Amino acid sequence: MAMKPFAVDQRQRELRHRSYLAVPTLGKQFPALEEIAIELRFVDPDRKMHLSPYKRIFASSMQAFFDFQCPVKECTGGGFNPTPEITKALSKSTALHTGTLSCKGKRDRGEAGNRCDLELHYQVVAVEKQHAGS
Ligand SMILES: [Zn+2]
């Protein structure tokens, strides 16, 4: 088993944290929204792993930063960040939005090479605020 290079991980965490802090909160960017639910499904390019789908809720007080780790333990330097796509889609409409990204991390896939290429299929559901009394 390969060990993750600590220095690289540390640097990435730092970069990630910095870009996280640079992003305004959801409420500031999309004042009409109560929350956003993002459903994540993963597809292994080799069809060997079965990774559980999950859902993340972003409340309006949270940073509008949609960054997800690659669920493959052996993957280094991977992850998914559909923040630009989601921000763009939500600024146009609050309709259901879906997208796909593939992981740019590295892991040993035998003959298939050393790119992770795990596919993320995400679905964004925006919940608008209720207008009380109207
Ligand atoms: Zn990966």
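Only the coordinates and a few stated rules stand behind these numbers; no lab work does. What you see is a predicted model; the values in this text were computed from it and never measured. As a convention, Cβ positions derive from the backbone with ideal geometry for all residues, glycine included, and neighbour counts pool all protein chains shown.
Each residue of segment 31-46 was assigned a 3J(HN,Hα) from its phi angle through the Karplus curve 6.51 cos²θ - 1.76 cosθ + 1.60 (θ = phi - 60°); the sequence is x, 7, 9, 7, 6, 10, 10, 10, 9, 10, 10, 10, 10, 6, x, 8 Hz, with glycine and proline shown as x.
Sequence-ordered 3J(HN,Hα) estimates for segment 61-76 from the Karplus curve with 6.51, -1.76 and 1.60 and θ = phi - 60° stand at 7, 8, 5, 7, 10, 9, 10, 10, 6, 6, x, 7, 4, 6, 7, 10 Hz, glycine and proline given as x.
Estimate the FRET efficiency between LYS28 and VAL125 by the formula 1/(1 + (r/R0)^6), using the beta-carbon distance for r and 22 Å for R0, to the nearest 0.05.
On the way: r = 20 Å, r/R0 = 0.91.
Once the sixth-power term is evaluated, E becomes 0.65.
Specify the angular offset, from 0 to 90 degrees and rounded to the nearest 10, of the alpha carbon long axis of helix 6-22 from the longest principal axis of the alpha carbons in the chain. The two axes meet at around 10 degrees. Amide hydrogen proximity for CYS70: with H placed 1.01 Å from N in the peptide plane, the residues at 5 or more positions away or on another chain lying under 5 Å are GLY79, PHE80. If Lys and Arg each add +1 and Asp and Glu each add -1, what is the summed charge of the other residues whose beta carbon sits under 12 Å from the beta carbon of VAL127? Around VAL127, the surrounding residues sum to -2. Local charge for GLU39 was computed over the other residues whose Cβ lies under 10 Å away, with Lys and Arg +1 and Asp and Glu -1, and equals +3. For the pair segment 1-62 and segment 68-124, the centres of their Cα atoms are 9 angstrom apart.
Dividing the C-alpha radius of gyration of segment 1-104 by 2.2 N^0.38 Å, with N its residue count, gives 1.19. Scalar couplings 3J(HN,Hα) for segment 101-107, obtained by applying the Karplus form with A = 6.51, B = -1.76, C = 1.60 to θ = phi - 60°, are 9, 10, 6, 9, x, 10, 7 Hz; x denotes Gly and Pro. For ILE57, the shell of other residues with beta-carbons less than 11 Å away shows a net charge of -1, using +1 for Lys and Arg and -1 for Asp and Glu.
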